[in-house]
Each structure stands twice: as C-alpha cells, then as structure tokens.
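Working notes for the structure below.
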Amino acid sequence: MADQRRVVILGGHGKVALLAEPKLKAAGFAVDAVIRNPAQSDDVRKAGANPVVFDMEHANVDSFAGLFEDAVAVVFSAGAGGGDAVRTHAVDYQAAVNAIDAAQKAGVRRFVMVSYDTADRDPQTMGWPESFLPYAQAKHDADAHLIDSSLEYTILGPGVLTLEPETDKIVLTNDHTMIDGKPATPEQRATSRGNVAAVIARVLSADVAKRKTIAFYDGDQPIDEVLV
C-alpha cells in the first residue's frame, strides 16, 4: 500500500462507497474504507478496500488527521441515515467539518463530498418536511464549510439515488435542478449510485473538477467527456 496513492473513504460500507472502492482500486489507488462496525470488514475487502474501524461520530480533528496521514484524497460518503436529529448533526455536519479541518491539517490536497443536488440552497426556504430538515441543514452547512476551506474540493450533487445499473453517462444540472432551461422532473433527477461511484473515481483519477460543485443526474453524456 505504501507504493500506491492512498484514498480514505469515510462511510466505507455505504452503497455508493462499496461501488466506488473497486473503481478506485482499478484506477491505481489504495483505498482505506472507514467503517463503524467491524462486521462490515469482509464486504469492504471484497470491494477491494482495506477496512479501518473508526468512530467518526465521536472523533476529534486530531484523530481524523492521524487517519488521513499520507493520503492523497478523502471521500466523505458517510451519513447518519436520518431519523435522529442529534446523530444527523453529529455525523452529517460535525464529523464532516472535523474531517475537512483534519484534511487541511494533515496536508491532504483533494476532498470529495457526496452531497445532493439542492444542498446549496437554504433548507429553510425549500419547504422540506420537519423530518428532513436536520439532514438538509447539516449537508448545506458542511458543504459551505468545505467551500470556505483551502482544499481542492469536489462536491457531488446527485439527484434521487437509485440502485439501477450504472451507465457511465450523466447530464450536468448546475442551475438548481434545471435541464435545458427547464426544471428537471422527478424522473429526470434519477441518479444511479453506480454513476455516483463512477464520478468519484473519475474526479480523483483524472484530477478534475477541483473547487467545483457538480450537480448531475443519469443522462446521455459519457462521464469521462463531461468531467475533463
């Protein structure tokens, strides 16, 4: 592993992460997949990554910085899963902020944040149900903290995540869910987790989309032609 560029994925047992790990390995990276439950280790190994058990929810900046030492990039693909506002804040906001600050402290250059397509809007104006607001606020504020950092970040804004097979083709929607000047329909906002994983691998392997937010859905444009 010492001879390879190392990527640390936070939330290493998530659906997107498990799809991204073999792609990053194929691109020549060594992947440390950070997990909370040791029982998830075998799944991570099967995906080509090295499992690292680490409690993000209660870790401080120094602990994260030690985890990131000698890494070339960090991918934040973790989440509390909703349902508990306190834990959502702890994972989706505070752990993300600690990871961002730690990446800067550890000298990591690249940081990829898996977010969602409207996270840049003020959640209080979106009409979200009360149950979704803690998550929306956490992602909005964590993304803002990343933008204010010195990192060469890429924020990924997929739409409605699906388990459909990846197509390696997307359409960009960088104007508040608009496509060709029209609001995207719910069907157009569908985004396969496989395509999100492919975008993660692309931005890191090609070192593109630095200090950019990329909102995208499944589409008809090859990822390697869109992200250059």
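Every read-out reported here was derived from the displayed coordinates using simple, explicitly stated rules and does not represent laboratory data. Owing to the predicted nature of the structure, the values given are computational and were not obtained by experimental measurement. Cβ placement follows ideal geometry from the backbone for every residue including glycine, while neighbour counts extend to all protein chains displayed.
Annotations for the structure displayed:
- 5 Å binning of all Cα-Cα separations within region 101-228, expressed as whole percents from 0 upward: 2, 11, 20, 22, 21, 14, 8, 2, 0
- 20 Å Cα-Cα threshold exceeded, pairs from LYS15/LYS46; LYS15/LYS212; LYS139/LYS212; LYS25/LYS139; LYS182/LYS212; LYS25/LYS46: LYS15/LYS212; LYS25/LYS139; LYS182/LYS212
- Structure-based [θ]222 nm, the chain - -39500 (n - 2.57) summed over DSSP H runs of at least 4, per residue, nearest 500: -9000 deg cm²/dmol
- For region 1-48, relative contact order (Cα pairs under 8 Å, six or more residues apart, normalised by length) works out to 45 percent.
- Extreme residue, positive dipole direction of region 71-207, given options MET178, VAL108, ALA119 (C-beta unit charges): VAL108
- The length gained by stretching the chain between ASP224 and ARG36 to full extension, at 0.36 nm per residue less their Cα-Cα distance, is 64.4 nm.
- Proximal lysines to LYS105, defined as alpha-carbon separation beneath 20 angstrom and excluding residues fewer than eight positions away on the same chain: LYS210
- With coordinates expressed along the principal axes, the C-alpha atoms belonging to region 133-182 extend over 32, 23, 22 Å, beginning with the largest.
- Each Cα pair under 8 Å and six or more residues apart adds its sequence gap; the mean of these over the residue count of the chain is a relative contact order of 19 percent.
- Between ASP168 and SER63, the FRET efficiency estimated from the beta carbon spacing at R0 = 25 angstrom works out to 0.10.
- Of (i) 48, 38, 34; (ii) 66, 44, 41; (iii) 71, 43, 32, the label for Cα extents along the principal axes in Å derived from the coordinates: (i)
- A quarter of the convex hull surface defined by the alpha-carbon atoms of region 1-79 gives 4.7 nm² as the mean projection.
- Interchain or long-range residues, amide H under 5 Å from SER192's placed H: THR162, ASP218
- Pairwise FRET efficiency - ASP70 versus ASP122, Cβ, R0 = 35 Å, nearest 0.05: 0.40
- From phi via Karplus (6.51, -1.76, 1.60), per-residue ³J(HN,Hα) for region 8-13 in Hz, x at Gly/Pro: 9, 9, 8, x, x, 9
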